[in-house]
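> Take a look at the following structure, please.
The values are calculated or read from the model by the stated rules, or taken from the named source; none is laboratory data. Predicted model, so just to flag it, every value in this text is computed and none were measured. Positions of Cβ are backbone-derived with ideal geometry, glycine not excepted, and every protein chain shown enters the neighbour counts. For the accessible areas, the whole protein counts, side chains as well, though only heavy atoms, and no ligand, DNA or RNA atoms are used. Shrake-Rupley method; radii C 1.70, N 1.55, O 1.52, S 1.80 Å.
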Amino acid sequence: MIKSIFIEFHVQNLENHKKLFTEVLDFKISREEPNFITLSNGIYKVLLTHIKFEVGHQFYEKLNPNTNGYGVEIGIIVDDLEFVYNRFLQFKQFKTITEIKLQEWGKQDFRVTTMDNYYIRFSQFKAN
């Protein structure tokens, strides 16, 4: 059976994404190499791999700077949406960020596009 699920981001700016997960989302580094980082919050794992988008690389056609993250939405449920939102505003290392909004399906959320074009939705269930 499944014991764990992880998300791996192939990024051009490893340091930027490392700071996003450690300084904004409180993940801890469990392994760090020059082009690879494993982070964990005790339950979930995130892998960051530095990719140089060069012709001939096995992922070049799929993961180049124009399509990285295209068609993928990553959802993260948090306890305190406003706290995470304010940390993102302080972090300032993203392409876009929406305001917190109550969605028609009952969750509050905001959405971030990272510097490598990953689309991440941070959600919180509406308190009754």
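> Working only within segment 98-118, note down all residues that are aliphatic (A, V, I, L, M), open to solvent by less than 70 Å² (accessible area, probe 1.4 Å) and within 24 Å of Ile51 (Cα to Cα).
Val112
> Looking at segment 9-46, which of the residues that are free of Cβ contacts under 8 Å to residues at least 40 places away in the same chain and among the aliphatic types (A, V, I, L, M) is most open to solvent (accessible area, probe 1.4 Å)?
Ile43
> Would you pick out the residues in segment 98-118 that are in a loop (DSSP other than H, G, I, E, B), within 26 Å of His10 (Cα to Cα) and of a type in the set (Asp, Glu)?
Answer for segment 98-118, where residues must be in a loop (DSSP other than H, G, I, E, B), within 26 Å of His10 (Cα to Cα) and of a type in the set (Asp, Glu): just Asp116.
> So Arg121 ticks every box in (1) part of a strand (DSSP E or B); (2) surrounded by fewer than 16 Cβ atoms within 10 Å (Cβ to Cβ) but one. Which box is left unticked?
All conditions pass for Arg121, except number (2).
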